[in-house]
């Protein structure tokens with residue numbers, strides 16, 4: 001296994017990454033503001049499950065496909081953008097799936113929210129390239145099976161990310177309750193659809209660098 005000093009250094013890198021606002025944090029914050037704590041944590045669960053999937057692909061060497069075959073990277077990137085645009089469209093069309101924090105009635109099923117977080121993460125090829133670029137720097141071949149070390153690093157990344165994003169979820173949920181003022185209207189739909197649309201645009205205009 002990696003040494004304690006290696007894990008501490010990697011944890012600091014993860015903290016810097018997690019504390020930097022990005023697409024995942026934006027999605028988590030918007031879900032939490034629009035639908036409350038449970039939706040925020042369900043989204044985070046899906047995203048972190050996606051991190052394990054990317055780490056597993058890196059361990060198996062499949063993430064190299066994006067480096068060696070540019071068309072594969074573009075295919076996943078475009079598929080991800082189309083999926084996000086679909087989510088934005090269905091969110092805008094819906095009149096009942098979103099409820100502000102504390103609103104009466106059942107909201108969108110948490111399983112569906114988690115799966116959307118997972119799919120959004122998996123269809124972001126930049127996440128695969130990030131894992132491929134960062135993790136090998138902290139892998140020590142003499143310290144044991146490389147695949148096991150990569151999954152351990154993914155766990156560290158998720159634990160640090162959970163701590164940071166839990167604060168984001170709590171703060172965003174409280175802000176959502178304040179903004180709702182007892183009547184949600186359609187602002188949760190508009191907020192989440194805007195986030196999905198913005199993430200889709202970001203994917204469409206993204207480069208491999």
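If I filter segment 1-44 down to residues being surrounded by 15 or more Cβ atoms within 10 Å (Cβ to Cβ) and not in a helix (DSSP H, G or I), which single residue comes out as modelled with the lowest pLDDT? Among those residues, the one meeting the criterion is 2.
Note on segment 95-117: residues that are part of a loop (DSSP other than H, G, I, E, B) and modelled with pLDDT of 80 or more total 1. Considering 84, 65, 57, 49, the condition of being part of a helix (DSSP H, G or I), modelled with pLDDT under 90 and closer than 30 Å to residue 187 by Cβ is satisfied by 84 alone. Taking the numbered list (1) part of a helix (DSSP H, G or I); (2) over 18 Å from the mean Cα position of the chain (by Cα); (3) under 25 Å from residue 18 (Cα atoms); (4) at pLDDT below 85 in turn, residue 92 passes all entries but (3). Answer yes or no as to whether residue 157 is buried (at least 21 other Cβ atoms within 10 Å of the Cβ), assigned to a helix (DSSP H, G or I), on the phi < 0 side of the Ramachandran plot and in contact (Cβ under 8 Å) with a residue 40 or more places away in the chain. Taking the combined requirement at face value, the residue satisfies it.
Mind checking which residues of segment 104-139 are more than 19 Å from the chain's Cα centre (by Cα) and either within 29 Å of residue 69 (Cβ to Cβ) or crowded, with 19+ Cβ neighbours inside 10 Å (or both)? Result: 107, 136, 137, 138, 139.
The values are calculated or read from the model by the stated rules, or taken from the named source; none is laboratory data. Keep in mind it's a predicted model, so treat the numbers as computed, not measured. Ideal geometry is used to build each Cβ from the backbone, glycine not excepted, and the neighbour counts take in all protein chains shown.
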